[in-house]
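Novice: Submitted below is the structure of interest, expressed as structure tokens.
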Amino acid sequence: MKVGMMSFAHMHAYSYANGVKRLPNVELVGIFDEDIERGQEVAKTYNTDHYSDQAEFLALEMDAVIICSENNRHKEMVVNAAKAKKHILCEKPIATNLRDAKEMIQVCKDHAVILQIAYPVRFSSPIQQVKEMIDNGELGDIIAFRTTNRGQNPGDWFIDEGQSGGGAVLDHTVHMVDIMRWYLNVEVTEVNAIIDSYFHDIAIDDAGLLTLEFENGVIASHDASWSRFTEYPTWGDVTIEVIGTKQTVKVDALKEHIRMFSSGEKSLQHVFYGNDMDFGLINDFINCVKEGREPSITGYDGLKSLEVSLAAYESSKFKKAIRL
């Protein structure tokens, strides 16, 4: 199978490209990036060709593309790739507004190509184990969730609202909303949120506290932030506590680590040894394309998690609950 990468603006592009290179019988045939210096550098790293012209890149013989651009360019690249008959894995969030997300889903449907959204947390082994426990009835009826996704401020275009569409709340809410929807198979119906910039002197949000209600009455809290400082031992956390009538379980998808002490700016580091979620995502996407099946994480999944994130901003702005 032949795969191309569209933009290395998002840092996940590097782990996704590494995942593609690990798979047998999968070839990374080219990289499109309008940042010529970056594109040439990564093309050299991955032993492939760089293209600065999107149309020329999409004319290549390939089965699929992986899009890791700035958030506001997802729609443009997805639409162009779909029209070029390439299957698509798109970095999250699917888009910066619901109108674009719906158009992207429809264009991919019209051109009969797969649109999968990059939510690698679904491929964390502990997160999957909890899903199995829920499906097997081991937790009883789910009553509530407590979730967090707290990391470091990525800077660059992430703190430019025109390119990102939102700050930490958009960046770090979609993952855990996706997991909760996946666990319950029901939708969020109400969102309450308090959002602001608390940790950095930036013109975009760096933290927010959300409370959610699902259509079956389950309630949830979510703590999203860029609160971790540069010298913090690890990037951050991705946690979920599932409260059931039989038992309660708590998972941190990044908890599988050893502590390493050394001299330097980070005297303590958490060295992760768990399964590679990003590789799990890439492997799943490639298998979806090979088998011609519905992706594990659909464009609709991307749309619904985006909907909750955008409702959180609306709730904070107008200081009221938002019904979906």
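Novice: For segment 206-243, which residues satisfy the criterion of being part of a loop (DSSP other than H, G, I, E, B), of a type outside the set (S, T, N, Q) and either more than 20 Å from L324 (Cα to Cα) or open to solvent by 60 Å² or more (accessible area, probe 1.4 Å) (or both)? Lay out the reasoning, then the answer.
Specialist: Within segment 206-243, the subset part of a loop (DSSP other than H, G, I, E, B) is 206, 215-218, 229-236.
Filter once more, keeping what is of a type outside the set (S, T, N, Q): 206, 215, 217-218, 229, 231-233, 235-236.
The answer is D206, E215, F229, E231, Y232, P233, W235, G236.
Novice: Identify all residues within segment 136-167 that are among the hydrophobic types (A, V, I, L, M, F, W, C) and over 22 Å from E187 (Cα atoms); write none if there are none. Let's see the steps before the verdict.
Specialist: Here is the first cut: in segment 136-167, the ones among the hydrophobic types (A, V, I, L, M, F, W, C) are 139, 142-145, 157-159.
Matches in segment 136-167: W157, F158, I159.
Novice: If the requirement is being over 24 Å from E294 (Cβ atoms) and in contact with a strand residue (DSSP E or B) (Cβ under 6 Å, 6 or more places away or on another chain), which of these qualifies: E27, E41, E76, E61?
Specialist: Numbers: E41 fails: in contact with a strand residue (DSSP E or B) (Cβ under 6 Å, 6 or more places away or on another chain); E76 fails: in contact with a strand residue (DSSP E or B) (Cβ under 6 Å, 6 or more places away or on another chain); E61 fails: in contact with a strand residue (DSSP E or B) (Cβ under 6 Å, 6 or more places away or on another chain).
Testing whether each residue is over 24 Å from E294 (Cβ atoms) and in contact with a strand residue (DSSP E or B) (Cβ under 6 Å, 6 or more places away or on another chain) leaves just E27.
Novice: Select from segment 227-246 the residues that are under 12 Å from Q152 (Cα atoms) and touching a Gly at 6+ places or on another chain (Cβ under 6 Å) and list them in ascending order. Lay out the reasoning, then the answer.
Specialist: Taking segment 227-246 as the starting set, the residues that turn out to be under 12 Å from Q152 (Cα atoms) are 227-237.
Of everything in segment 227-246, those that are under 12 Å from Q152 (Cα atoms) and touching a Gly at 6+ places or on another chain (Cβ under 6 Å) turn out to be R228, W235, G236.
Novice: While we're here: How many residues does segment 139-148 contain that are out of contact with any helix residue (DSSP H, G or I) (no Cβ under 8 Å at 6 or more places or on another chain) and in a loop (DSSP other than H, G, I, E, B)?
Specialist: 2
Novice: Go through (1) open to solvent by 80 Å² or more (accessible area, probe 1.4 Å); (2) farther than 30 Å from Y313 by Cα; (3) at pLDDT 95 or above one by one and return the number of the condition Y273 breaks.
Specialist: Going through the list (1) open to solvent by 80 Å² or more (accessible area, probe 1.4 Å); (2) farther than 30 Å from Y313 by Cα; (3) at pLDDT 95 or above, Y273 breaks only (3).
Novice: Filter segment 72-86 for residues that are within 15 Å of K102 (Cα to Cα) and open to solvent by less than 30 Å² (accessible area, probe 1.4 Å) and give the result.
Specialist: H74, M77, V78, V79, A82
Novice: Out of Q40, Q116, Q54, which single residue is open to solvent by less than 40 Å² (accessible area, probe 1.4 Å), at pLDDT 95 or above and more than 22 Å from the chain's Cα centre (by Cα)? Working first, answer last.
Specialist: Working: Q40 fails: open to solvent by less than 40 Å² (accessible area, probe 1.4 Å); Q116 fails: more than 22 Å from the chain's Cα centre (by Cα).
Only one candidate passes the filter, namely Q54.
The values are calculated or read from the model by the stated rules, or taken from the named source; none is laboratory data. Values in this document were obtained by computation on a predicted structure and should not be read as measured data. Glycine also receives a Cβ, built like all others from the backbone with ideal geometry; neighbour counts cover every protein chain displayed. Remember, those area values only see protein heavy atoms, side chains included, never the ligands or the DNA or RNA. Shrake-Rupley method; radii C 1.70, N 1.55, O 1.52, S 1.80 Å.
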